[in-house]
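Colleague: First the structure, then my questions, so here it is.
Computed from the coordinates by the stated procedures, all read-outs in this text should not be read as laboratory data. None of the values given here were measured: they were computed from a predicted structure. Quick reminder, even Gly has a Cβ in these numbers, built from the backbone with ideal geometry, and neighbours come from all protein chains shown.
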Amino acid sequence: MTEIMVVDDDHDLRESMAEVLGKAGFSVTQASRGEDALELLGKKNIDLILLDLVMPGLGGLELLGRIRDKAPRMPVIMITAFASVENAVAAMRQGASDYITKPFRIDGLLAAVGRVLEEARFESCRTSLDLDTVLSCLSNPLRREILAQVEQEGTLRFMDLCRKLELEDHTKMNFHLKILKEAGFLQQDENKLYLLTSLGTQVLGCVRFLMKKLAD
């Protein structure tokens, strides 16, 4: 489950955001001070941080710099009052992913979170994947269809895949499955069922994000 840390000294606002994010399916960690946030960052697997720009003690901009030192690729969304938008833009120049202004709508908060998480996943793919292998493997439409079917069903047997893709040539299916397995996108369990690897799931997420961006 995606873990989001909310860092804000305003207890009511922090609790409200945690409730909204929790109902949206996220796991939420809360911190009321910048120092606590840094400590939690070292202990938990955080995927995204919502960070108030103005806090007593360790302020948002300084904390952003500390976060960048500890976790350079951590996506951070700044929370700011409308009058402080210029400071939020300055924070983005220092590495923040986005900002939202208070008061904000629930749909605006969730849209910003979803957008930044998608971008973070794509960046993770870009930096961690062998793009030549990915592009070579997914250039074939049948292999893309195989991955999509396995993702949709969770697990599939060889014959079920052939039927779903209306492919009677089993030799051809075996050939493409072999390529997907060698690329690390597919695996088989002890019952010979095909399922996506974590790498395969990551690759499909990146492809969807890229296609969406190209369509926008």
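Colleague: What are the principal axis extents of the Cα atoms in the stretch 131-215, in Å, biggest first?
Modeller: 35, 25, 22
Colleague: Relative contact order for the stretch 131-215: what is it in percent, counting Cα pairs under 8 Å that are at least 6 residues apart? Mind dumping the intermediate values first?
Modeller: Values: 71 pairs, mean separation 25.9, N = 85.
Relative contact order of the stretch 131-215: 31 percent.
Colleague: Still on this structure, please answer the following. Please compute the length gained on full extension between His11 and Ala81, using 0.36 nm multiplied by the number of residues separating them and subtracting their Cα-Cα distance.
Modeller: Values: separation 70, 0.36 × 70 = 25.20 nm, distance 1.60 nm.
23.6 nm is the gain from fully extending His11 to Ala81.
Colleague: If you line up the long axis of helix 34-43 against the longest principal axis of the chain, both from Cα atoms, how many degrees apart are they, to the nearest 10?
Modeller: 30
Colleague: Another question, then. Whole Å is fine, so just give me how far the alpha carbon centre of the stretch 126-145 lies from that of the stretch 157-216.
Modeller: 11
Colleague: Restricting attention to the alpha-carbon atoms of the stretch 90-178, what are Rg (one decimal) and Dmax (integer), both in Å?
Modeller: My reading of the Cα-based Rg and Dmax gives 19.9, 60 Å.
Colleague: By how many nm would the segment from Asp169 to Leu142 lengthen if fully extended, with 0.36 nm per residue of separation less the alpha-carbon distance?
Modeller: Details: separation 27, 0.36 × 27 = 9.72 nm, distance 1.24 nm.
Contour length minus the Cα-Cα distance gives 8.5 nm.
Colleague: What percent antiparallel are the DSSP beta bridges of the chain, to the nearest 5? Numbers along the way, then the final one.
Modeller: Details: 4 of 22 bridges.
So the antiparallel bridges in the chain amount to around 20 percent.
Colleague: Let me ask something else about it. Just the isolated ones, please: cysteines in the chain lacking another cysteine beta carbon under 4.7 angstrom.
Modeller: Within the chain, the cysteines lacking a partner Cβ under 4.7 Å are Cys137, Cys162.
Colleague: Further, regarding this structure: If you fit an axis through the alpha-carbon atoms of helix 11-23 and take the longest principal axis of the Cα set of the chain, what angle between them do you get, 0 to 90°, nearest 10?
Modeller: Helix 11-23 sits roughly 10 degrees off the main axis of the chain.
Colleague: Now for a separate question. Need one word for the stretch 3-128: rounded, prolate or oblate. Basis is the Cα gyration tensor (sqrt eigenvalues a ≥ b ≥ c); a/c below 1.5 gives rounded, then a/b vs b/c decides.
Modeller: Working: a/c = 1.19, a/b = 1.10, b/c = 1.09.
In terms of gyration-tensor shape, rounded.
Colleague: Just how far, in whole angstrom, is the stretch 2-57 from the stretch 70-106 if you go by their alpha carbon centroids?
Modeller: What the calculation gives is 14 Å, centre to centre.
Colleague: Are there trypsin sites (Lys or Arg not before Pro) in the stretch 69-151 that DSSP marks as loop and that have at most 14 other Cβ atoms within 10 Å, and which are they?
Modeller: Working: sites: Lys70, Arg73, Arg93, Arg105, Arg115, Arg121, Arg126, Arg143, Arg144; in loops: Arg73, Arg105.
Sparse-neighbourhood loop trypsin sites (Lys or Arg not before Pro): Arg73, Arg105.
Colleague: If you fit an axis through the alpha-carbon atoms of helix 60-70 and take the longest principal axis of the Cα set of the chain, what angle between them do you get, 0 to 90°, nearest 10?
Modeller: 40
Colleague: Next question. Picking from Ser124, Ser32, Ser139, which is most flexible by a Gaussian network model of the chain using Cα springs under 10 Å?
Modeller: Ser139
Colleague: Can you give me the long-range amide H partners of Thr197? Hydrogens built in the peptide plane at 1.01 Å from N, cutoff under 5 Å, separation of 5 or more residues or another chain.
Modeller: Leu186, Gln187
Colleague: Assuming R0 = 22 Å, can you tell me the calculated FRET efficiency for the pair Gln149 and Glu3, based on Cβ-Cβ distance, to the nearest 0.05?
Modeller: Details: r = 30 Å, r/R0 = 1.36.
It comes to 0.15.
Colleague: Using amide H atoms built 1.01 Å from N in the peptide plane, name the residues 5+ places from Tyr99, or on other chains, whose amide H lies under 5 Å from its own.
Modeller: Met78
Colleague: Please report the relative contact order for the stretch 3-128, taking Cα pairs under 8 Å with a sequence separation of at least 6, and give it as a percent rounded to a whole number.
Modeller: Working: 182 pairs, mean separation 25.8, N = 126.
About 20 percent, as a whole number.
Colleague: To one decimal place, what Kirkwood hydrodynamic radius in Å is obtained for the chain from all pairs of distinct Cα atoms?
Modeller: Values: mean 1/r = 0.0513 Å⁻¹.
Result for the chain, one decimal place: 19.5 Å.
Colleague: A further question follows. Which is the longest stretch in the chain that no exposed loop site breaks, taking sites as GluC sites (Glu not before Pro) with a DSSP loop state and at most 13 other Cβ atoms within 10 Å?
Modeller: On the way: sites that count: Glu166, Glu168, Glu190.
It runs 1-165.
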